[in-house]
1. Got a sec? Which of B:Leu37, B:Leu105 is part of a helix (DSSP H, G or I), more than 14 Å from chain A (Cβ to nearest Cβ) and either under 12 Å from the mean Cα position of the chain (by Cα) or of a type in the set (S, T, N, Q) (or both)?
2. Residues that are out of contact with any helix residue (DSSP H, G or I) (no Cβ under 6 Å at 6 or more places or on another chain) and assigned to a helix (DSSP H, G or I): does the range A:234-245 have at least one?
3. Working carefully through the options B:Leu71, B:Leu120, find the one that is in a loop (DSSP other than H, G, I, E, B) and closer than 30 Å to A:Arg38 by Cβ.
4. Going through the range B:50-96 one residue at a time, which ones are among the polar types (S, T, N, Q) and touching a His at 6+ places or on another chain (Cβ under 7 Å)?
5. For the range A:159-184, enumerate the residues that are more than 14 Å from A:Glu221 (Cα to Cα) and crowded, with 17+ Cβ neighbours inside 10 Å.
6. Starting from residues that are modelled with pLDDT of 90 or more and within 9 Å of the chain's Cα centre (by Cα), keep the ones in the range A:113-146 and report whichever is nearest to A:Val210 (Cα to Cα).
7. Which ones in the range B:109-159 are within 15 Å of B:Gly82 (Cα to Cα) and surrounded by 18 or more Cβ atoms within 10 Å (Cβ to Cβ)?
8. Among the residues of the range B:86-104, is any under 21 Å from A:Leu23 (Cβ atoms) and among the charged types (D, E, K, R)?
Amino acid sequence: MVKRLYDIVLLFKEYFVVALFLLVSTALLTFSDTPQIRTLRAYSVVAVGLLQDAFSIFPNYFDLRRENAALRSMNLTLADEVSRLREGRLENIRLRSLLGLKERAEHRYIAANVVAKNLQLLRNTITLDVGSNDSVKVNMPIVNEAGLVGKVIMVGSSYCIGQTLLHVDLRVSAKVQRSRVDGILRWDRARTLTLQNVARTYDVTPGDVVITSDYSPFFPEGIRIGVVAETRPIPGSLFQAVDVTPAVDFPSLEEVFVMQYLLDSSRVFLERSAR
Amino acid sequence: MRKVLPDIGFSLLVLLVQTGVVRFLSIGGIVPDLVLLWVVAMAIRRGQIPATTAGFLLGLAQDILSGDGMLGLSALTKTLAGFIAGYFYNENKTLQTMGSYRILLIAGLVSLVHDGLYFLLFLQGSGISWSGSLLDYGVPTTVYTLAVALIPMFAFARKQLA
């Protein structure tokens with residue numbers, strides 16, 4: 001057997017040598033972070049996405065059983081929550097009409113499957129099987145049942161690429177739901193996200209829910225982002241670091257929704273004019 | 001080993017000339033690719049595996065010395081160049097190939113493939129036309145490299161006659 005393998009290697013040694021060198025060169029290229037490599041990476045993500053999409057027609061029986069069980073349990077919890085929210089909504093409508101506040105617009109959602117994921121890098125992205133044909137546009141938020149996933153950064157006709165919260169370039173205007181403390185949320189390569197620009201004196205405690213704030217140019221207010229895991233005073237500063245555990249479990253992300261939300265252009269115009 | 005040491009020495013010399021001296025021979029920003037020419041010569045004289053290895057190592061050295069941020073690009077393109085040129089290796093016709101127009105045809109073909117692939121990867125995401133770059137830089141570089149290839153071609157032709 002070994003002899004046969006050796007004979008095969010000897011017979012095709014030129015091809016083994018060139019394959020080895022090409023592999024090493026490609027590996028070296030992937031370590032670079034130049035714009036060219038980023039573009040090639042995007043192409044490869046789409047290509048892998050197409051392949052995964054093609055093979056996804058074969059369902060995994062055990063995965064489906066587990067998923068069904070999880071969905072049934074979630075369905076029960078959500079049914080209960082919907083009933084309570086309905087009550088809350090009715091109360092909200094009554095109170096809003098009493099105060100004369102404007103009703104918030106509802107958003108449409110486009111269901112999408114995650115066909116490729118890139119969660120090992122500094123700039124983690126996901127590829128979704130929806131694109132401009134499905135009315136997806138750049139900067140539209142991506143969410144799932146747990147909360148905010150990220151936003152769309154590149155759109156093709158049938159696929160788009162989303163920047164996840166675990167992306168060093170993404171900043172999200174966020175606030176603590178209980179105390180309404182605002183901050184800027186970012187990922188700095190740690191296991192958790194960090195809410196920045198929060199003064200030490202502000203009331204933030206572990207367990208507080210963090211949601212998107214209406215200051216954000218990309219996300220509507222109120223999308224759940226995560227839960228405060230820890231607060232630490234920053235030495236020599238008036239601010240505290242607030243570690244936030246994301247609500248979304250990125251490694252197991254499979255289905256998401258693209259929110260058909262783009263900021264009102266008149267608001268953008270007004271804000272830019274004021275600068 | 002006796003065969004390999006001069007090749008290693010000459011490879012280092014070619015690398016030094018390419019990175020340090022060749023820019024003084026620039027015509028309108030175009031310089032000959034001596035490293036590629038040497039890889040082609042290696043392929044014709046020594047065969048596919050030595051040429052592929054030389055292409056990879058010299059390309060990698062060029063990537064490190066140039067420091068343009070795309071480590072591995074020249075290594076990849078020169079590995080392929082050495083591999084393709086290796087198909088023209090014929091143990092019994094080394095002198096004839098080196099001393100005739102065939103070396104120009106092989107070097108021209110390999111240079112065009114090399115530059116084509118190089119620009120294809122290097123221009124990704126830049127919005128610059130690949131075909132335009134190949135015409136503006138790739139083809140002139142190939143022509144200049146072939147002009148330089150005339151020197152070893154005539155030298156080997158004379159050796160053949162002698």
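1. Of B:Leu37, B:Leu105, the one residue that is part of a helix (DSSP H, G or I), more than 14 Å from chain A (Cβ to nearest Cβ) and either under 12 Å from the mean Cα position of the chain (by Cα) or of a type in the set (S, T, N, Q) (or both) is B:Leu37.
2. Checked against the condition, which is being out of contact with any helix residue (DSSP H, G or I) (no Cβ under 6 Å at 6 or more places or on another chain) and assigned to a helix (DSSP H, G or I), the range A:234-245 yields no hits at all.
3. Answer to the check: B:Leu71.
4. B:Thr77 - this is the single residue of the range B:50-96 that is among the polar types (S, T, N, Q) and touching a His at 6+ places or on another chain (Cβ under 7 Å).
5. A:Tyr159, A:Cys160, A:Ile161, A:Gly162, A:Gln163, A:Thr164, A:Leu165, A:Leu166, A:His167, A:Leu170, listed by residue number.
6. Among those that are modelled with pLDDT of 90 or more and within 9 Å of the chain's Cα centre (by Cα), it is A:Val143.
7. If the condition is that a residue be within 15 Å of B:Gly82 (Cα to Cα) and surrounded by 18 or more Cβ atoms within 10 Å (Cβ to Cβ), then B:Val110, B:Ser111, B:His114, B:Asp115, B:Tyr118 are the ones that fit.
8. no
The values are calculated or read from the model by the stated rules, or taken from the named source; none is laboratory data. Not measured: the values here are computed from a predicted model. Please note: Cβ atoms are built from the backbone with ideal geometry, for glycine as well, and neighbour counts cover all protein chains shown.
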